[in-house]
Amino acid sequence: MVSRVARAIEFARLTAEVVHGFGRGSKLLGFPTANMKICWGQEDALTPEESEVLKFASSSKPGIYYGWAKVVGGDDEGVYKTAMSVGWNPHFEDSKVKTIEAWILHDYAEDFHGKELRVIICGYIREEAKFESLEALIDAIQGDGDFCSQQLDHPTLHSLTQDSWFVPANKVM
Ligand code: ADP
Ligand code: RBF
Ligand code: MG
């Protein structure tokens, strides 16, 4: 049994390029995850946005989070719910890198590797786990999606879809 408790966190507004991950999100699990670029070991030469991502990656508790996401620069710039995995993917022993990955709860018509992903991470639901089987991991991820979606229906969190973080800079009044 997977136990989930929603814990609010200080909202984390992050933006990063979508980079290639292990390539198994869609193919092996059936859940595509957009991996955010993390500039490890480059502390001195980062933009403020890159520093924020690095800070979040370094200091956040590994686990599953909920939030809102928007892909910038593609055909679909909607703000959608997302379930996010932050950590080491302990189910897979070959994973030696900490990742920030967003499974956006929306069907996109196109792949968006290389585009900008903006997110507001709002809360934490559970630790990452190693499961008995791939099916058990898949069930857990599906359950996380449902749980995250419910949290985001709360009016306070739903109003973040209108947050200035998601408004293009040239359209801010
Ligand atoms: P990778 O290992 O390169 O991250 P994945 O199999 O996890 O590959 O697929 C992630 C890619 O799928 C994203 O970078 C994005 O281009 C695309 N994608 C399409 N729909 C979604 C979605 N709903 N959520 C996340 N990524 C999506
Ligand atoms: N990986 C794990 O090793 N353990 C987990 O408990 C776990 N939970 C996840 C929950 C969600 C909602 C998502 C989107 C991913 C999760 N992952 C977890 C990460 C998953 O293994 C990873 O996205 C794929 O391996 C592709 O890199
Ligand atoms: Mg991925």
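The values are calculated or read from the model by the stated rules, or taken from the named source; none is laboratory data. What you see is a predicted model; the values in this text were computed from it and never measured. Here Cβ is always computed from backbone atoms with ideal geometry, including for glycine, and neighbour counts include all displayed protein chains. Remember, those area values only see protein heavy atoms, side chains included, never the ligands or the DNA or RNA. Shrake-Rupley method; radii C 1.70, N 1.55, O 1.52, S 1.80 Å.
The table that follows gives values for the structure above.
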| quantity | calculated |
| --- | --- |
| Ranked by how many other beta carbons lie within 10 Å on average, peptides 22-34, 153-165, 104-116 from highest | 22-34, 104-116, 153-165 |
| Computed FRET value (nearest 0.05) for I138 with K61, which takes r as the C-beta separation and R₀ as 30 Å | 0.80 |
| Within the chain, helix-based [θ] at 222 nm, where runs of 4 or more DSSP H residues each add -39,500 (n - 2.57), nearest 500 | -6000 deg cm²/dmol |
| Residue-span extension gain [S51 to E17] - 0.36 nm each, minus C-alpha spacing | 10.9 nm |
| Label-point gap, in nm, between V72 and S149 - each point 7 angstrom along Cα→Cβ | 2.8 nm |
| Area accessible to solvent at S58, 1.4 Å probe radius, in Å² | 70 Å² |
| Under Karplus coefficients 6.51, -1.76 and 1.60, residue-wise ³J(HN,Hα) of region 98-113 in Hz, glycine/proline x | 7, 10, 10, 10, 10, 8, 7, 7, 7, 8, 8, 6, 10, 5, 10, 3 |
| Full-stretch length increase - R24, F131 - with 0.36 nm per residue and alpha-carbon distance subtracted | 36.9 nm |
| Tail beyond 26 Å, pair distance distribution of the chain (Cα, percent) | 25 percent |
| Net charge over other residues, Cβ less than 13 angstrom from the Cβ of A12 (K, R count +1; D, E count -1) | 0 |
| Whole-number percent relative contact order across region 77-173, with pairs defined as alpha carbons under 8 Å at least 6 apart | 32 percent |
